[in-house]
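Worksheet: the structure to be examined is printed underneath.
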Amino acid sequence: MLLAALLVPLTLLSGGAGSPASAAPSQASLEAQLQRLNRQADQLVEEFNQSRLLLKRLHKTRDEMRAQASGAEENLRALRTTLGARAAAAYVQGAGNTLAAVLNSEDPASAIDRVQVLELLASHDGDLMDRLALAGQAYDGRKRDLAAAEREAAAEVARLDAKKAEVERAAARTRELLRQMRARSASPSPNPSPAPSPPPSSGGGSGAGATAVRYAMAQVGQPYCYGGTGPCYDCSGLTMRAWAQAGVALPHSSAAQYGVGRHISASELQPGDLIFYYSPISHVSIYIGNGQRVSATHTGDYVRVQSLGSSIVGFTRPNG
């Protein structure tokens, strides 16, 4: 389990001082542990974001089923009212009176017309009964579907709450490791404020891509926070908001964003294109040109400009 893996680095840090094996780890060891924590936390945040997307879809389905159940209930009620009115009319008039009127008619043509009317009414009432039965079945089916959708949504809410708690524990452990690194470091912080970066390349970028880059670059220096879409961001929250400025809707999940737009090669990269990392995908950045990207990094850090780095699994252009 990821949480067990997250606990290991801090267990090593807090070992007994009397044992040779518990000697204080080196700065390089702490930095390696931080990288592992950040990688594992990225995956947790991605799972959290995917759970939120699923819950959103479940709520939409539930709302549609509620509307369908309401419509089925109204149809059933209308048919019952109509059938009730027919039954009341038959009771007041009496079936014998109608039959006697036919038999006592002195005009054969009139009698035939009345028989045809009776047959039509009987057929109509039979049709009403059939429609009422079908409407009742439809209503019962919609109610069952709605109950199942509500149970599934409730279960997903519970899973999302559990995932959120897991992410928060991972973030707390990352912050603790950062604190220990700062305490050991000669500099006040291992994460200095982001420096100004060179402007993105002006060659080849589409209007939409340039718009996305401008927004993302304007967020440089903003803090990272999981689930954030501004003023603090996680990785897919930043790319989602950046491309929204260009009129392109992206889901709040790096793995889901990989399925939006056209997949391209590294040689085709233009400013605004998205770069995806790790397998399974759990991180995304925006290419800004000159071999650089802008990214919401990890807990304790900021939105910053970086080189492309390694562990890249693919590239997409959201606007095609």
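No lab work stands behind these numbers, since they all come straight from the coordinates. No experiment lies behind these values; they were computed from the predicted model shown. Neighbour counts are summed over all protein chains in view; Cβ atoms, including those assigned to glycine, are modelled from backbone coordinates with ideal geometry.
So what's the net charge close to I312: Lys and Arg +1, Asp and Glu -1, counting the other residues with Cβ under 13 Å from its Cβ?
Values: positive: R293; negative: D273.
Cβ neighbours under 13 Å give a net charge of 0.
When C235, C225 are ordered from fewest to most other Cβ atoms inside 10 Å of their Cβ, what list results?
Ordered from fewest to most neighbouring Cβ atoms within 10 Å, C235, C225 come out as C225, C235.
Run the simple label-point estimate for R169 and S70 please: 7 Å along Cα→C-beta, distance reported in nm.
4.1 nm
Using a cut-off of 11 Å between beta-carbons, work out the net charge of the residues near S282 (Lys and Arg +1, Asp and Glu -1, S282 not included). Before the final figure, lay out each step's value.
Numbers: positive: R39; negative: D42, E46, E47, D234.
Summing Lys/Arg as +1 and Asp/Glu as -1 gives -3.
Using a cut-off of under 18 Å, list every residue of segment 279-320 whose amide N is near the label point 7 Å from the Cα of R57 along the Cα-to-beta-carbon line.
281-282
Suppose the chain between E176 and R262 were pulled fully straight at 0.36 nm per residue; how much longer would it get relative to their current alpha carbon spacing? Walk me through the numbers before you get to the answer.
Values: separation 86, 0.36 × 86 = 30.96 nm, distance 4.01 nm.
Length gained between E176 and R262: 26.9 nm.
Determine which lysines satisfy two conditions relative to K56: a Cα distance under 17 Å, and not lying fewer than 8 residues away in the same chain.
K56 reaches K163, K164.
Net charge near D273: determine it from the other residues with C-beta under 12 Å of the C-beta of D273, scoring Lys and Arg +1 and Asp and Glu -1.
Numbers: positive: R262, R293, R317; negative: E268.
Neighbourhood net charge equals +2.
Å³ per residue of the Cα convex hull, for segment 207-317? Spell out each step's value before the answer.
Numbers: hull volume 9.8 nm³, N = 111.
Roughly 88 Å³ of hull volume per residue.
Residue separation times 0.36 nm, minus the C-alpha to C-alpha distance between A155 and Q35: what's the value?
39.9 nm
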